[in-house]
Amino acid sequence: MLELAADLVPLLDAGVPVAAVTVTAVVRSAPRGVGATLAVTRDARVIGSISGGCVESDAVMLGLDALRTDTVRRARFGFGDDGTVTPIAAGLACGGAVDVVAYRIDADATRAALDDARTGRAATLRLDLDGEALVLHRPAPPRLIVLGAGEHAAALCRLGAAAGFAVTVCDDWALLVTRERFPDATELVVAAPHDYLATLDDPDARTAVCVLTHDERLDVPALRAALRLPVGFVGAMGARATVARRAKLLRAAGVTDAELARLHSPLGLDLGGVTPEETALSVIAEIVASRNAADARPLRDRRGARLHGMDLDASCAVRSA
């Protein structure tokens, strides 16, 4: 439910009755993981998804019934162990099943956690549903720090925000660092990139730094600073000749080979794209693959493993009480 905070808060503030249908368990495989939530209003407006479409209609009906009766409803959607479909739901396309709980959202009980989630803070919500605790947790979004404010940075900000990152754009040229150019950015900073990195609060493994300044005077000190931070990903754009020259300059600036080994440069996966948007897509793809220790091969080439890992920290997770 916390991932739907931006849509739910206005409805609840307006007094609109809303029910949530939350996945509490996954059997075998499912399109979305534990904690995924679909919300539905009394007039059948649907927000969110629990399966990408496979069982949404049944989830909506369960949510509407929870609203109508003001009770907590539970169900299993999908296939049984013998391959048969459960009587109350269509089958999941992936052949698994999900356990769900449907309940009316209490505006007073959920507002603080929804406000936290809506504003990008970590949020935890504990609900008592007919004597059974449902504890939902959503971490703060991962951070993407874009150093440089050119056209590639604008495209990377748009795609990064769409992928769920809280994006900071930093450049020392105030003319470029504007809300008009970066409407999706969480934070805009006018400063020398390395100076900004020196003030960074709590960088962690979920933080990615991408250097797009295209200026050795800026990107060398920025990369030296970034490679010494406990961030999960550091990348820099550039042609191979630029990458080789930059590496020499970084070594001359005191960057060790071990630190250089952390640098993703040239930045991005080889998707064959040429536009800023296609380049941004390749960069986001490499960041996500690196964060999940994935090899970025086509899914059709994978054998004997789950197609999609369930990284609960990426969205919203159910925790034990």
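Scanning the stretch 222-247 for residues that are surrounded by 15 or more Cβ atoms within 10 Å (Cβ to Cβ), charged (D, E, K, R) and outside any loop (DSSP other than H, G, I, E, B) returns Arg224, Arg246.
Here Val101 meets each of (1) open to solvent by less than 10 Å² (accessible area, probe 1.4 Å); (2) modelled with pLDDT under 90 with one exception, condition (2). Under the condition of being part of a strand (DSSP E or B) and among the charged types (D, E, K, R), which residue from the stretch 168-189 is most open to solvent (accessible area, probe 1.4 Å)? Out of the qualifying residues, it is Glu187.
Set side by side, the residues Ala14, Ala19 differ, and just one is at pLDDT 90 or above, open to solvent by 20 Å² or more (accessible area, probe 1.4 Å) and of a type in the set (A, V, I, L, M), which is Ala14.
Given the structure, is Leu250 hydrophobic (A, V, I, L, M, F, W, C) and either modelled with pLDDT under 95 or part of a loop (DSSP other than H, G, I, E, B) (or both)? So that I can check it myself, show each step before the final result.
Numbers: hydrophobic (A, V, I, L, M, F, W, C): yes; either modelled with pLDDT under 95 or part of a loop (DSSP other than H, G, I, E, B) (or both): no.
Judged against the criteria, Leu250 is not a match.
Counting only residues that are open to solvent by less than 40 Å² (accessible area, probe 1.4 Å) and either in a loop (DSSP other than H, G, I, E, B) or without any contact (Cβ under 8 Å) to a residue 12 or more places away in the chain (or both), how many does the stretch 259-276 have? The total comes to 4. For first residues located in the stretch 283-295 and on the phi < 0 side of the Ramachandran plot and in a loop (DSSP other than H, G, I, E, B), partners that are of a type outside the set (Gly, Ala, Ser) and open to solvent by less than 50 Å² (accessible area, probe 1.4 Å) and lie 6+ apart or on another chain with Cβ distances below 7 Å do not occur.
Taking the listed residues Asp202, Asp195, Asp219, the one that is assigned to a helix (DSSP H, G or I) and either in contact with a Gly (Cβ under 8 Å, 6 or more places away or on another chain) or under 23 Å from Ile284 (Cα atoms) (or both) is Asp219, with no other qualifying.
The values are calculated or read from the model by the stated rules, or taken from the named source; none is laboratory data. All of these numbers come straight from a predicted model, not from anything done at the bench. Neighbour counts are summed over all protein chains in view; Cβ atoms, including those assigned to glycine, are modelled from backbone coordinates with ideal geometry. Note: accessible area is taken over every heavy atom of the protein model, side chains too, but ligands, DNA and RNA are not part of it. Shrake-Rupley method; radii C 1.70, N 1.55, O 1.52, S 1.80 Å.
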